[in-house]
Structures are given as C-alpha cells and as structure tokens.
1. Closer than 28 Å to Leu21 by Cα and either of a type in the set (Ser, Thr, Tyr) or surrounded by fewer than 23 Cβ atoms within 10 Å (Cβ to Cβ) (or both): which single residue out of Leu99, Leu130 fits that description?
2. Quick one: Ser44 ticks every box in (1) in contact (Cβ under 8 Å) with a residue 60 or more places away in the chain; (2) closer than 21 Å to Leu154 by Cβ bar one, so which box is it?
3. On the basis of being over 21 Å from Glu186 (Cα atoms), among the aliphatic types (A, V, I, L, M), touching a strand residue (DSSP E or B) at 6+ places or on another chain (Cβ under 9 Å) and not in a loop (DSSP other than H, G, I, E, B), does Ala102 make the cut?
4. Out of the residues in the range 6-58 that are among the aliphatic types (A, V, I, L, M) and over 17 Å from Leu133 (Cα atoms), state the one that is modelled with the lowest pLDDT.
5. Only one of these conditions is not met by Val17: (1) over 24 Å from Ile207 (Cα atoms); (2) among the hydrophobic types (A, V, I, L, M, F, W, C); (3) in contact with a Leu (Cβ under 7 Å, 6 or more places away or on another chain). Which number is it?
6. Scanning the range 60-83 for residues that are in contact with a His (Cβ under 8 Å, 6 or more places away or on another chain) and assigned to a loop (DSSP other than H, G, I, E, B), which turns out farthest from Ala121 (Cα to Cα)?
7. For the range 1-58, how many residues are in a strand (DSSP E or B), small (Gly, Ala, Ser), crowded, with 17+ Cβ neighbours inside 10 Å and out of contact with any Cys (no Cβ under 8 Å at 6 or more places or on another chain)?
8. Name the residue, out of Ala71, Ala91, that is out of contact with any Leu (no Cβ under 9 Å at 6 or more places or on another chain), of a type in the set (A, V, I, L, M) and touching a residue at least 12 places away in the same chain (Cβ under 8 Å).
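The values are calculated or read from the model by the stated rules, or taken from the named source; none is laboratory data. Everything quoted here is computed from the prediction, not taken from an experiment. Note that each Cβ is placed from the backbone with ideal geometry, even for glycine, and that neighbours are counted across all protein chains shown.
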Amino acid sequence: MQTCEPFSDLSDKEGPVRGFLHRSSIPKADSLILTHSAGANCESPLLVALAEAFCTIGLTVLRCDLPFRQARPYGPPPRGSAERDQSGLRAAVAALRRLNPAHIFLGGHSYGGRQASILVASEPTLVDGLLLLSYPLHPPKRPEQLRTAHFPSLRVPAFFVQGVRDEFATIAEMESALALIPGRKELLAIAGAGHELMTKSNREDLIAAVTSGFNSFMSAKA
C-alpha cells in the first residue's frame, strides 16, 4: 500500500523543498528523488507514473520542483540557475535522509537529470545511485556541444534511459559518452520514443521497463 501527500521542508539552509511524497509502507525503505525537465514540473505525467510504480515495488519516492520552478510556474530555467538548482537537489536529499532510508537514489528527466549528475559527480557520497531519463547530451542539431565535462568524475552507479528518437542524443552518441564514465553504468534504449519518453501507447511498457531495469541495476553487485 502507498500514500501520496504534499511535501514541504523549509529547514535546510540550501532552500525549501517542495513536491509530493509517495510513502512506502516498508519501514526505512530505500528512497528515490525524481525531478523534472526544463519545461515541466514535478507533476509531469512521466514523473507521476514512475513515482507510483517505484512506490508499488517498495521505494519511498519524492517528486520535487527545482528552485527555478518554485520561483516561477512557467518557462525555462534562467541563465545562471544551475548552481541553485543543484543546491535544491542537495536539500531534497537532506530532507529524505531525515526519514532514515536504507539508501537514497537521485533521478531526473532531461535538465533535472543533468543537474543531478553534475551534483553527484562533485559529491560522490551524496547518494547511492542515479536514474537519468533522456539525458540532454547536446542541444538539438548541435552534436559538437557535448555536456559531458563532468562524466569522467562520475563514479556513482548511473542508469540512463534514452529514447531512440531523442533529438538531444542518438543511442550511438550516448554509448560513446558513457565510455567517459568510470563508474558503473547502464543504458536502456526505448524503441520509438523521443525526448519525452512516455506516450499514450508506450506508457505501461515504458514504466515497467524503467522500474525493473533500474531495480535490477541497483541490486546487482559492482
């Protein structure tokens, strides 16, 4: 059984944490933080569906809005917001850690996942693993502008999920980029999907593939 409730934590110096908590019935369950892309918020259908599915298999899941989205309900993150958004994720980890979980995982869609990976590359003991959905490897049609500077410092286990039609990265480009990561990593390719990953036709199969794949990856020994 699971419950979903609004979540707010104002106690951290890094800033407020706001979102929704899907609380597992398992005492001290592993926890997963999920955050959104540049154009969405924590109520995006993809995050809601994943949170419900992960909670069903025993994780407590926090869907949270990044600081830029707390500041304004619409529009992309303004220039210079990345550091603040990473601080917001650090605050979310601290808030969940007060619930005393066994392990904490951090994940996000596109921009949210990129900020999570940058944060964890510089703070490798912060969480136990990453779930990166539609990593925005480069801007569309600009493959030379790779966003991989932090990859050689990424040592936390990282599970990537990428649509084969994603304009921000081909599967071949992702495979090449992942070779830069010294830590354990895995890439799950989603046939027919673009950057949004989830559609009406693939919802059930996608959510099952991501939850089972991530669970198996994090359960495996290094």
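1. Testing whether each residue is closer than 28 Å to Leu21 by Cα and either of a type in the set (Ser, Thr, Tyr) or surrounded by fewer than 23 Cβ atoms within 10 Å (Cβ to Cβ) (or both) leaves just Leu99.
2. (2)
3. No, not satisfied.
4. Taking the candidates together, the pick is Leu10.
5. Failing condition for Val17: (3).
6. Residue satisfying both the conditions and the ranking: Asp65.
7. 1
8. Step by step, each of Ala71, Ala91 is checked, and only Ala91 is out of contact with any Leu (no Cβ under 9 Å at 6 or more places or on another chain), of a type in the set (A, V, I, L, M) and touching a residue at least 12 places away in the same chain (Cβ under 8 Å).
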